[in-house]
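Data block below; observations after.
The values are calculated or read from the model by the stated rules, or taken from the named source; none is laboratory data. Note that the structure is a prediction, hence the values are computed from the model and not measured. Positions of Cβ are backbone-derived with ideal geometry, glycine not excepted, and every protein chain shown enters the neighbour counts. Calculation scope for accessible area: heavy atoms of the full protein, side chains included, ligands and nucleic acids excluded. Shrake-Rupley method; radii C 1.70, N 1.55, O 1.52, S 1.80 Å.
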Amino acid sequence: MADTPSASVQPQRATVAITEADEQRAVLTFSGALDAHDLPELEELLGDRRLRQAGSWIWDMSDLQRIDLACAYALLRAVTRAPESVSVATRGARHAVQRTLRHAGLDTVVTTIEE
């Protein structure tokens with residue numbers, strides 16, 4: 001019998017989706033483990049016109065297990081390229097995810113919604 005890791009040990013495939021969008025706000029929902037392999041999809045989503053039209057962005061990271069620095073820097077680039085009037089906030093990020101976001105400098109341009 002071969003040793004195979006259980007499904008609970010393997011990180012869940014990352015997904016990022018715009019789950020709500022109007023002129024007031026856009027909600028991006030993150031889940032799984034976001035790493036460099038997901039970068040092209042993430043950057044494409046961050047360029048979506050619905051984000052440019054919204055006055056605020058909420059990043060729901062409650063189901064995000066981890067994020068690497070490459071993806072955190074992509075988020076930082078998106079925020080710094082967004083119109084000045086856009087406000088950005090994270091919601092539900094785990095401590096490890098918050099730490100990576102801080103390492104990328106996102107804590108200086110993104111607020112955290114405490115729940």
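What to note about this one:
- Taking region 21-44 as the range and being open to solvent by 70 Å² or more (accessible area, probe 1.4 Å) and outside any helix (DSSP H, G or I) as the test, the residues that pass are ASP22, GLU23, GLN24, ARG25.
- Unmet requirement for ALA78, which otherwise passes all of (1) at pLDDT 95 or above; (2) open to solvent by 30 Å² or more (accessible area, probe 1.4 Å): (2)
- Some residue of region 63-75 being in contact with a helix residue (DSSP H, G or I) (Cβ under 9 Å, 6 or more places away or on another chain), touching a residue at least 40 places away in the same chain (Cβ under 8 Å) and open to solvent by 30 Å² or more (accessible area, probe 1.4 Å): yes
- Residue tally, condition in a loop (DSSP other than H, G, I, E, B), touching a residue at least 12 places away in the same chain (Cβ under 8 Å) and open to solvent by 60 Å² or more (accessible area, probe 1.4 Å), over region 82-107: 2
- Selection status of ARG91, within 15 Å of ARG25 (Cβ to Cβ) and modelled with pLDDT under 95: no
- Scan of region 52-78 for residues that are part of a helix (DSSP H, G or I) and under 11 Å from the mean Cα position of the chain (by Cα), ordered by number: CYS71, ALA72, TYR73, ALA74, LEU75, LEU76, ALA78
- Residue check for GLY55: touching a residue at least 12 places away in the same chain (Cβ under 8 Å), on the phi > 0 side of the Ramachandran plot and open to solvent by 30 Å² or more (accessible area, probe 1.4 Å): no
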